[in-house]
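J.: Next up is a structure, given as structure tokens.
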Amino acid sequence: MTTIAKIELHRLRIPLKKPFITSLGPNLEADNVVVVLRTDEGLIGYGECSPFWTINGETAETCLAVGKHLAGALLGSDATDIEGAHERMDRLIFGNNSIKSAFDIALHDISAQAAGISLSDLLGGVRNTDLITDYTVSIGDAEAMAMDAIDIVRRGFQVIKVKLGGTGNDDIMRIQAIRKAIGLAIPLRIDANQGWDPDTAIRVLNTLANDNIQHCEEPIPRWQFMEMRRVKEASPIPIMADESCSDHRDAERLISLDACQRFNIKLGKSGGLFKAKKIMALAERAGMEVQIGGFLESRLAFTASAHLAATSKAVRFCDMDTPMMFSADPVQGGITYGPCGELQLPTTIGLGASILAEWLLKPTHVIHQ
């Protein structure tokens with residue numbers, strides 16, 4: 001038994017180089033929470049979450065408060081019993097998937113270390129090592145977005161993600177400005193972040209039919225999931241569920257409704273790797289393609305996401321660019337970004353990433369035996 005002997009909760013604030021803006025509002029910094037698990041055998045596991053008020057209903061403050069209770073429930077338990085850990089966390093409190101995901105990543109890190117294998121091997125072995133991330137253009141003035149797209153192309157990225165979700169006409173103008181600036185060769189992925197009503201979504205997506213767009217994420221409000229199939233059937237562009245697909249139960253519902261062609265899996269929505277794997281299994285059985293994305297996590301949590309992405313051929317898209325937007329990097333080890341957005345996994349056992357000591361000087365909570 002690999003017993004959890006000590007748990008630390010740290011707040012991790014990292015400024016962005018410039019504001020990251022979606023239809024849900026601007027972000028000026030990553031305000032994250034790091035979980036450090038220590039076992040009685042000396043193993044250390046790291047996890048991280050990036051709570052989003054408007055999507056998860058969580059903040060760093062709520063994550064720290066709830067995390068203290070989760071730590072109490074897990075202290076003294078077997079770190080390698082990940083299913084049991086999720087049962088205890090879910091029995092203790094409903095939802096709060098963001099902070100649960102940080103614990104989940106740390107538990108997986110320790111489990112892989114205890115087994116002497118990499119996290120991707122623990123999750124099922126590497127079957128998809130060709131991982132390439134997009135890079136995102138924030139929503140804003142059409143001409144400014146076009147200039148951002150030009151810069152992304154110059155940096156060598158092979159695909160661009162574009163944040164939309166304003167008025168339909170404004171969003172059409174945004175894509176037209178980007179296409180005028182960079183041409184049609186570089187594929188786009190668009191993300192409305194629930195910003196359109198169903199009729200607007202259908203109109204915009206049909207207008208953009210010939211603009212080389214790979215898919216559209218969450219075109220309508222998450223609570224209108226019953227309308228998503230109508231949008232999907234009327235759209236020439238594939239629909240990807242994001243905010244409406246948090247965990248495997250959401251995925252089951254969307255599949256039964258035939259509501260979309262693709263899922264965007266984020267550890268901070270699903271509650272971590274354990275339930276993300278369940279979403280992926282459902283997608284594989286349904287013949288659906290998957291994107292692995294995230295919020296404003298550092299390279300630590302995105303390393304966990306990349307390990308997950310490497311385990312399934314259903315993963316066709318990666319949206320793991322936000323660490324490149326930070327003005328500082330608190331991570332030691334972890335994934336590296338190569339030319340053109342290529343992702344390289346660490347070759348060490350476990351997660352292969354940790355937070356530099358100088359970023360973890362003052363834990364907010366320490367729970368120990």
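The values are calculated or read from the model by the stated rules, or taken from the named source; none is laboratory data. Not measured: the values here are computed from a predicted model. Ideal geometry is used to build each Cβ from the backbone, glycine not excepted, and the neighbour counts take in all protein chains shown.
J.: Quick check on Ala192: is it over 21 Å from the mean Cα position of the chain (by Cα) and on the phi < 0 side of the Ramachandran plot?
T.: no
J.: What are the residues in segment 167-219 that are over 18 Å from Asn264 (Cα atoms), among the small types (Gly, Ala, Ser) and not in a helix (DSSP H, G or I), if any?
T.: If the condition is that a residue be over 18 Å from Asn264 (Cα atoms), among the small types (Gly, Ala, Ser) and not in a helix (DSSP H, G or I), then Gly183, Ala185, Ala209 are the ones that fit.
J.: Considering only segment 123-166, state which residues are of a type in the set (Asp, Glu) and assigned to a loop (DSSP other than H, G, I, E, B).
T.: Those that are of a type in the set (Asp, Glu) and assigned to a loop (DSSP other than H, G, I, E, B): Asp130, Asp134, Asp141.
Matching residues to (1) more than 22 Å from Gly341 (Cβ to Cβ); (2) aliphatic (A, V, I, L, M):
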position	(1), (2)
Thr133	no, no
Ile152	no, yes
Lys163	no, no
Thr167	yes, no
Leu184	no, yes
Leu188	no, yes
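J.: Another question, then. Select from segment 13-31 the residues that are in contact with an Asp or Glu (Cβ under 7 Å, 6 or more places away or on another chain) and not β-branched (Val, Ile, Thr) and write down the one among them that is farthest from Asp141 (Cα to Cα).
T.: Of the residues in segment 13-31, the ones in contact with an Asp or Glu (Cβ under 7 Å, 6 or more places away or on another chain) are 13-16.
Restricting the remaining residues to those that are not β-branched (Val, Ile, Thr) gives 13, 15-16.
Working: Arg13: 28, Pro15: 23, Leu16: 20 Å.
Among those residues, the one meeting the criterion is Arg13.
J.: Follow-up question, since we're still on this one. In the set Asp191, Asp211, which member is in contact with an Asp or Glu (Cβ under 9 Å, 6 or more places away or on another chain) and crowded, with 16+ Cβ neighbours inside 10 Å?
T.: Result of the check over Asp191, Asp211: Asp191.
J.: Now for a different question. Go through segment 174-202 and report how many residues are free of Cβ contacts under 8 Å to residues at least 40 places away in the same chain, under 14 Å from Leu164 (Cα atoms) and charged (D, E, K, R).
T.: 2
J.: Being in the same structural domain as Arg285 (by TED's automatic domain parsing), within 23 Å of Gly293 (Cα to Cα) and surrounded by fewer than 20 Cβ atoms within 10 Å (Cβ to Cβ) is the requirement here; does Gly165 meet it?
T.: For Gly165, the condition - in the same structural domain as Arg285 (by TED's automatic domain parsing), within 23 Å of Gly293 (Cα to Cα) and surrounded by fewer than 20 Cβ atoms within 10 Å (Cβ to Cβ) - is not met.
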